[in-house]
């Protein structure tokens with residue numbers, strides 16, 4: 001027995017799923033898996049040319065796939081609001097929301113909202129998007145939010161005194177902070193959903209080490225050929241395929257026995273590769289005081305208040 005894989009995804013016919021960053025890598029493979037199981041999939045993507053290529057890729061395998069591209073730049077709060085409004089207009093009911101897109105270890109950049117780019121894209125954009133769409137899910141049985149984090153959360157910490165890295169910025173620490181923020185958000189959202197006695201649940205996942213273009217962006221932006229070569233070598237020697245890397249996300253999104261608050265990752269050595277299984281996050285990801293504080297700060301920064 002090889003373990004849970006894409007063929008184990010339950011029937012998704014009649015369900016509507018939104019996947020951020022669905023133009024490549026984990027997001028594309030997760031969208032493909034959901035489409036193959038019969039879901040209508042909304043591909044929320046920043047690069048519309050790549051999104052069109054993703055549609056062609058999925059339809060080459062699933063000819064009758066029901067796909068819609070939703071323009072979304074998670075780093076810009078205005079784009080998040082426009083995307084949420086477009087989704088609400090055309091899809092008053094949402095069954096799945098996969099908060100997948102992200103950037104990793106890039107040089108410091110500041111968005112038009114004044115946010116550090118990794119925090120803006122990986123956490124604040126998703127916080128706002130989920131908040132703006134959550135009421136379309138709250139009365140839907142089996143509805144689920146999946147927040148994609150990373151094993152890098154174990155090396156992260158939330159620096160509330162310098163959240164945007166204005167005084168001191170280290171790209172890997174900023175990435176770890178954003179991935180820890182993903183988990184704190186996921187657990188606080190699940191706590192609130194449970195307290196409100198809603199059928200919607202929130203599950204977190206991470207892909208392990210998967211060979212995607214996520215690793216190449218930082219070196220390209222930094223102009224570092226050495227780091228680029230190192231990332232490429234790691235992808236070839238250690239990384240698993242995007243299809244394998246997407247399995248924890250698909251498991252988190254569709255395994256019927258999950259009840260909310262779980263963390264799913266590869267079950268292989270060091271949780272870097274392999275079929276999906278439940279795992280335990282770092283203790284700091286379960287810090288309820290930090291989760292509540294981050295939630296308050298995120299509401300203040302985005303201006304988005306949740307219906308739970």
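The values are calculated or read from the model by the stated rules, or taken from the named source; none is laboratory data. None of the values given here were measured: they were computed from a predicted structure. Please note: Cβ atoms are built from the backbone with ideal geometry, for glycine as well, and neighbour counts cover all protein chains shown.
Structure above, values below:
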item	result
Given (1) outside any strand (DSSP E or B); (2) surrounded by 14 or more Cβ atoms within 10 Å (Cβ to Cβ); (3) modelled with pLDDT of 95 or more, number of the condition residue 259 does not satisfy	(2)
Selection count where residues are in contact with a helix residue (DSSP H, G or I) (Cβ under 9 Å, 6 or more places away or on another chain) and either more than 28 Å from residue 268 (Cα to Cα) or not in a helix (DSSP H, G or I) (or both), scope region 17-38	9
Selection within region 54-81 - in contact with a helix residue (DSSP H, G or I) (Cβ under 9 Å, 6 or more places away or on another chain), farther than 21 Å from residue 8 by Cβ and in a helix (DSSP H, G or I)	54, 57, 59, 77, 79, 80, 81
Hey, residue 294 at pLDDT 95 or above, over 18 Å from residue 202 (Cα atoms), part of a helix (DSSP H, G or I) and in contact with a helix residue (DSSP H, G or I) (Cβ under 7 Å, 6 or more places away or on another chain) or not	no
Residues that are assigned to a loop (DSSP other than H, G, I, E, B) and within 18 Å of residue 141 (Cα to Cα), drawn from region 5-16	9, 10, 11, 12, 13, 14, 15
Test: residue in region 239-249 that is over 16 Å from residue 150 (Cβ atoms), surrounded by 17 or more Cβ atoms within 10 Å (Cβ to Cβ) and at pLDDT 95 or above	yes
Residue check, residue 9 under 22 Å from residue 201 (Cα atoms), buried (at least 23 other Cβ atoms within 10 Å of the Cβ) and either within 15 Å of the chain's Cα centre (by Cα) or at pLDDT 95 or above (or both)	no
Residue within region 200-214 that is at pLDDT below 95 and in a helix (DSSP H, G or I) present	yes
Candidate set: region 155-195, residues that are in contact with a strand residue (DSSP E or B) (Cβ under 7 Å, 6 or more places away or on another chain) and under 28 Å from residue 144 (Cβ atoms); chosen: the one surrounded by the most Cβ atoms within 10 Å (Cβ to Cβ)	186
